[in-house]
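Here is the structure we will look at, set down as structure tokens.
The values are calculated or read from the model by the stated rules, or taken from the named source; none is laboratory data. Treat the numbers as computed from the prediction; the structure is a model and nothing was measured. Cβ coordinates were reconstructed from backbone atoms using ideal geometry, including for glycine residues, and neighbour counts include every protein chain displayed. In case anyone asks, the SASA skips ligands and DNA or RNA and just uses the protein heavy atoms, side chains included. Shrake-Rupley method; radii C 1.70, N 1.55, O 1.52, S 1.80 Å.
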Amino acid sequence: QVQLVESGGGLVQAGGSLRLSCAASGTFRSISLMGWYRQAPGNQRELVAIITRPGTTNYADSVKGRFTISRDNARNTVYLQMNSLKPGDTAVYLCNVQYDGLKSSWGQGTQVTVSS
């Protein structure tokens, strides 16, 4: 089992930056993927960025060039650096991990609000 603790959300003006973090803990053998999703009111949950243990990354087209995902394998922590934020980025951001094969766990979410 994996428990995820997210932090770093908040209120920021358009054009500003935020850095999200997600730390995994609990009983597990290995984590193969870590990623960030987001869900805004009236929208479906969408993948923002993922990163594999070797370091391969993938981003949603809407955030390419603005967001950067990274991880610290030793700390089982994933980060999302968000720059040039837009009001459209406003959402609850949720951390997700894939572990012990195809098992998956979700964080509770952290609110990101970008003012116009």
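In segment 68-109, which residues are touching an Asp or Glu at 6+ places or on another chain (Cβ under 9 Å) and open to solvent by 60 Å² or more (accessible area, probe 1.4 Å)?
Q108
Show the residue pairs meeting these rules: Cβ distance below 6 Å; 6+ apart or different chains; first residue within segment 1-21 and within 30 Å of D100 (Cβ to Cβ); second residue open to solvent by 60 Å² or more (accessible area, probe 1.4 Å) and basic (K, R).
That search, which allows pairs on different chains as well, returns G8/R19.
Could you tell me which residue of segment 3-54 is least open to solvent (accessible area, probe 1.4 Å), considering only residues that are at pLDDT below 95 and touching a helix residue (DSSP H, G or I) at 6+ places or on another chain (Cβ under 9 Å)?
I31
What do you reckon, is L47 under 19 Å from Q3 (Cβ atoms) and hydrophobic (A, V, I, L, M, F, W, C)?
no
Of the conditions (1) of a type in the set (K, R); (2) in contact with a Leu (Cβ under 8 Å, 6 or more places away or on another chain); (3) assigned to a loop (DSSP other than H, G, I, E, B), R19 fails just one. Which one is it?
If we test R19 against (1) of a type in the set (K, R); (2) in contact with a Leu (Cβ under 8 Å, 6 or more places away or on another chain); (3) assigned to a loop (DSSP other than H, G, I, E, B), just (3) comes out false.
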